[in-house]
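Below: one structure, written as structure tokens.
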């Protein structure tokens, strides 16, 4: 019922006869109708519109805060990455230097081990040669002594006079 009462001024104005160009007073009723309509919209939809715009502003504020946080994080990550990139050249040089040192140390240690092993093998070979020489010398001496003893036995057995003198010499030695 209220709505119908509010619309009555616009019906009245529409029924009026306007001949000619119109006057400024004709606009007054249009302004009144607009103000009534605006007031009615503000009264009926005002709280909803205000709540809608408040929600929209809150969401925009949240998005802006989130974007600001993300921008700060991105700047921090960019600074860290830039620092890492600037430090990477010096780190690469350090790694290269360390690798060269390690290779040099390995080469030196390996060469030292090889020289020590060669010396040890040389000493072992010399000892084996000496042992073989001694074994061969002992074998030759043993063969020589055995041969001399055998020849002496044969000669003593063939000659009776030598046999008796050797027996007497043996008995004297006891």
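Every read-out reported here was derived from the displayed coordinates using simple, explicitly stated rules and does not represent laboratory data. On a predicted model such as this, the values are computed, not experimentally measured, just so you know. Cβ coordinates were reconstructed from backbone atoms using ideal geometry, including for glycine residues, and neighbour counts include every protein chain displayed.
Among 106, 52, 31, the largest mean-square fluctuation in a Gaussian network model of the chain (Cα springs under 10 Å) belongs to 31.
When the distances between all Cα atoms of the chain are binned every 5 Å from zero, what whole-number percent does each bin get? Histogramming the chain at 5 Å steps yields 1, 5, 5, 5, 4, 4, 4, 4, 4, 3, 3, 3, 3, 3, 3, 3, 3, 3, 3, 3, 3, 2, 2, 2, 2, 2, 2, 2, 2, 2, 2, 1, 1, 2, 2, 2, 1, 0, 0 percent.
With each run of n ≥ 4 DSSP H residues scored as -39500 (n - 2.57), what mean residue ellipticity at 222 nm is computed for the chain after dividing by its residue count and rounding to the nearest 500 deg cm²/dmol? For the chain, the value works out to -35500 deg cm²/dmol. Relative to the first principal axis of the alpha-carbon coordinates of the chain, what is the inclination of helix 2-15, with its axis defined by its Cα atoms, in degrees from 0 to 90 and to the nearest 10? Between helix and principal axis, roughly 60 degrees.
Each label point was placed 7 Å from the Cα along the Cα-to-Cβ direction; for residue 60 and residue 170 their separation is 13.8 nm. For region 69-129, how big is the tail of P(r) above 18 Å, as a whole percent of Cα pairs? Above the 18 Å cut-off, region 69-129 has 66 percent of its Cα pairs. Dividing the alpha-carbon radius of gyration of region 99-150 by the rule-of-thumb value 2.2 N^0.38 Å gives 2.24.
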